[in-house]
Amino acid sequence: MRGHDRINTFIPDELILEMFRRLDSKPSRDACSLVCKRWLALERLSRTSLRICATGSPNLVVDLLAGRFRNVRTVHIDERLNISLPCQPPGRRRGTDIAGVSSVKLHCASEKNGSPDPGSDSCSLSDAGLTAIGEGFPKLEKLSLIWCSNVSSLGLISLAGKCRLLKSLDLQGCYVGDQSLAVVGQSCKQLEDLNLRAWCWEVIEVSGIAACAKITDTAMEAVGSHCKSLENLSLDAEFIHNKGVVAVAQGCPALKSMKLQCINVTDEALSAVGTSCPSLEVLALYSFQRFTDKGLSAIGNGCKKLKNLILSDCYFLSDNALESIATGCKELTHLEVNGCHNIGTMGLESIGKSCPRLTELALLYCQRIGNFALSEVGRGCQFLQALHLIGNTGIVAVGENCRSLTDLSLRFCDRVGDEALIAVARCSSLQYLNVSGCHQIGDAGLIAIARGCPQLSYLDVSVLQNLGDMAMAELGEGCPNLKDIVLSHCRQITDVGINHLVKHCTILASCHMVYCPGITSSGVATVVSGCPNIKKVLVEKCKVSSRTKRRAASVISYLCMDL
């Protein structure tokens, strides 16, 4: 600035920091940081989160960022990210090259130079990088390490000793073992969120032989003994038994969310959870093959605040398990039952009678659940907003009673026909509808939806052989908010129906229409030219004319590409 700098003279640091906090976009923050050196320094102080790619030269990046952003409280490092940062020309150096970024991605220098450089120039985040995080970000509260395969227990131990304020730790896909997790438990006593899913174990070189030090009950005992504030636990470990889960349940009474995929856990562990975790709100059990109705009955008796329950491939659960949940967990709002083949009509019927607050229900591959159960859900759960079914029926009662329904998925429900959709059409708030593969649905059902659900924004009617142009015309007139539509394998829809649809659905953003023999290049051109907001059109390559390709090549996707 020329002359007297009145802004920097009269505005205190606190006001400038508050201004940076109120900026809603990264480019705006970066632009303001270039005003002067003072603003650049203050902008660095205002940064509280960093997102770093774990491939490239992450150790070097962490060192650079740690010296510039001292107030960072959240660090997310993901080895799946891989976007290169523009290279700096030789001999030119600017102090703001890295200072203004909250998301830094670098490629490994060895890829350009042709030779790997050991140590700090590793192409993946290593223990040295974790040590730098611990030393550079002492205020760190949340750390995510996603698939950082070169990180071991040594690095995690070093970090845990320096970041004692850590509240959230995500080690998804990392190779760590009992020793490091025990230190985390002892050092990070404020830990509230721990994610150990996707097979966490440590690979150790012993005399040239790789040995696996897997996460066992020892680590969970340390967490249970020291992390009294733990609220969320996600655990996917083959070698965890009852002892480890019991230790966490008894030692962490504030636990609110538990997601487990532990094949060796039995009813004893779930009984401990039911007895010791009265605040539990979310419980997800995946592939549990050694527990029965007894374990879930303990959850129903003890976890009165349970709101979200997921049961996936739990083969030994029966109707009695759901009856226990329905009786004890009156606040249940979300229920997903996936592949639990012994759960049938009576179990779901009890949910419908006893859980009036249910807003989301998913029943996937549950062949024993019949129409009467869904009718009971429809009558008893009038606040239901989302319903997802595969291979099921009984929708009429849901449509007649659940007027708050916004999300309905009925994929390949062979016995669902127009009568069901006519009932669903009374749910005027419906926004998402997927009826792909429901062969008995025709024009009458979709016409009812078009006339009764004006807020519809997503529609999948693929593989409906009885659907024709009349339904498309009604959808165009009745659903002006439609943004995404899937018409693939609908053999009776022609260019005429597409013309009527596009005429009124002007905000349409995506349209899938592969294997629709009645739709020609003329229909494709109509979609491209008549929808100014169109972003994706999926169609066979032979149906795209040269003119359409020139006008909208960027939005057209082909089902098959030429070899």
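General observations
- Tabulated pairs, the stretch 237-255, first in contact (Cβ under 8 Å) with a residue 40 or more places away in the chain and aromatic (Phe, Trp, Tyr), second assigned to a loop (DSSP other than H, G, I, E, B) and open to solvent by less than 20 Å² (accessible area, probe 1.4 Å), C-beta under 9 angstrom, 6+ apart or interchain: none
- Checking every residue in the stretch 299-307 against the condition of being in contact with an Asp or Glu (Cβ under 8 Å, 6 or more places away or on another chain), touching a residue at least 12 places away in the same chain (Cβ under 8 Å) and surrounded by fewer than 17 Cβ atoms within 10 Å (Cβ to Cβ) gives at least one match.
- Only one of the numbered conditions (1) in contact with a Gly (Cβ under 8 Å, 6 or more places away or on another chain); (2) within 23 Å of Asn308 (Cβ to Cβ); (3) of a type in the set (A, V, I, L, M); (4) crowded, with 19+ Cβ neighbours inside 10 Å is not met by Leu421, and that is (2).
- Tabulated pairs, the stretch 368-383, first closer than 17 Å to Glu323 by Cα, second charged (D, E, K, R) and in a loop (DSSP other than H, G, I, E, B), C-beta under 9 angstrom, 6+ apart or interchain: Cys381/Arg357
To keep it simple, each residue is scored yes or no on (1) open to solvent by less than 10 Å² (accessible area, probe 1.4 Å); (2) in contact with a helix residue (DSSP H, G or I) (Cβ under 7 Å, 6 or more places away or on another chain); (3) modelled with pLDDT of 90 or more; (4) of a type in the set (A, V, I, L, M).
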{"position": "Gly347", "(1), (2), (3), (4)": "yes, yes, yes, no"}
{"position": "Phe372", "(1), (2), (3), (4)": "no, yes, no, no"}
{"position": "Phe383", "(1), (2), (3), (4)": "no, no, yes, no"}
{"position": "Ile395", "(1), (2), (3), (4)": "yes, yes, no, yes"}
{"position": "Val398", "(1), (2), (3), (4)": "yes, yes, no, yes"}
{"position": "Asn401", "(1), (2), (3), (4)": "no, yes, no, no"}
{"position": "Leu408", "(1), (2), (3), (4)": "yes, yes, yes, yes"}
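- Selection from the stretch 258-278 of residues that are of a type in the set (Val, Ile, Thr) and either surrounded by 20 or more Cβ atoms within 10 Å (Cβ to Cβ) or modelled with pLDDT of 95 or more (or both): Val265, Val273, Thr275
- Within the stretch 514-563, tally of residues that are open to solvent by 50 Å² or more (accessible area, probe 1.4 Å), under 15 Å from Gly497 (Cβ atoms) and part of a loop (DSSP other than H, G, I, E, B): 2
- Number of the exception - Gln455 against (1) of a type outside the set (A, V, I, L, M, F, W, C); (2) outside any helix (DSSP H, G or I); (3) over 22 Å from Ile507 (Cβ atoms): (3)
- Within the stretch 22-72, the residues that satisfy the criterion of being part of a helix (DSSP H, G or I) and under 15 Å from Ser124 (Cα atoms) are Pro58, Asn59, Leu60, Val61, Val62, Asp63.
- Strands (runs of 3 or more DSSP E) completely within the stretch 226-325 that count 1 or more residues being touching a Ser or Thr at 6+ places or on another chain (Cβ under 9 Å) and of a type in the set (Phe, Trp, Tyr): 282-286
- Per the listing Arg51, Arg47, the residue uniquely surrounded by fewer than 18 Cβ atoms within 10 Å (Cβ to Cβ) and out of contact with any helix residue (DSSP H, G or I) (no Cβ under 6 Å at 6 or more places or on another chain) is Arg51.
- Every condition in (1) open to solvent by 40 Å² or more (accessible area, probe 1.4 Å); (2) modelled with pLDDT of 75 or more; (3) in contact with a Lys or Arg (Cβ under 7 Å, 6 or more places away or on another chain); (4) farther than 23 Å from Asn195 by Cβ holds for Arg73 except the one numbered (4).
- Among residues of the stretch 484-496, those that are touching a residue at least 40 places away in the same chain (Cβ under 8 Å) and part of a loop (DSSP other than H, G, I, E, B), counted: 1
- Identity of the residue in the stretch 489-513, buried (at least 17 other Cβ atoms within 10 Å of the Cβ) and of a type in the set (Ser, Thr, Tyr), that ends up nearest to the chain's Cα centre (by Cα): Ser510
- Leu348 under 23 Å from Tyr315 (Cβ atoms), assigned to a helix (DSSP H, G or I) and aliphatic (A, V, I, L, M): yes
- The stretch 308-331, subset within 20 Å of Thr359 (Cβ to Cβ) and of a type in the set (A, V, I, L, M, F, W, C), residue surrounded by the most Cβ atoms within 10 Å (Cβ to Cβ): Leu322
- Filtered residues of the stretch 243-290 (kept if over 20 Å from Cys329 (Cβ atoms) and either out of contact with any helix residue (DSSP H, G or I) (no Cβ under 9 Å at 6 or more places or on another chain) or among the aromatic types (Phe, Trp, Tyr) (or both)): Gln261, Ile263, Ser287, Gln289
- Test for Cys413: is it of a type outside the set (A, V, I, L, M) and surrounded by 24 or more Cβ atoms within 10 Å (Cβ to Cβ): no
- Lone qualifier among Lys536, Lys543 - being of a type outside the set (A, V, I, L, M, F, W, C) and within 35 Å of the chain's Cα centre (by Cα): Lys536
- Taking the stretch 94-184 as the region of interest, none of the helices (runs of 4 or more DSSP H) fully inside it holds 3 or more residues being at pLDDT below 85 and on the phi > 0 side of the Ramachandran plot.
- Options Leu446, Leu387, Leu363, Leu335: the member that is crowded, with 20+ Cβ neighbours inside 10 Å, in contact with a Leu (Cβ under 6 Å, 6 or more places away or on another chain) and under 26 Å from Leu482 (Cα atoms): Leu387
- Matching residues, the stretch 279-292, being open to solvent by 30 Å² or more (accessible area, probe 1.4 Å) and modelled with pLDDT of 95 or more: Ser279, Glu281, Val282
The values are calculated or read from the model by the stated rules, or taken from the named source; none is laboratory data. Please read all numbers here as calculations on a predicted model, not as lab measurements. With ideal geometry, Cβ positions are generated from the backbone for all residues, glycine too; neighbour counts draw on all protein chains shown. Surface accessibility is based on the protein's heavy atoms, side chains included, excluding ligands, DNA and RNA. Shrake-Rupley method; radii C 1.70, N 1.55, O 1.52, S 1.80 Å.
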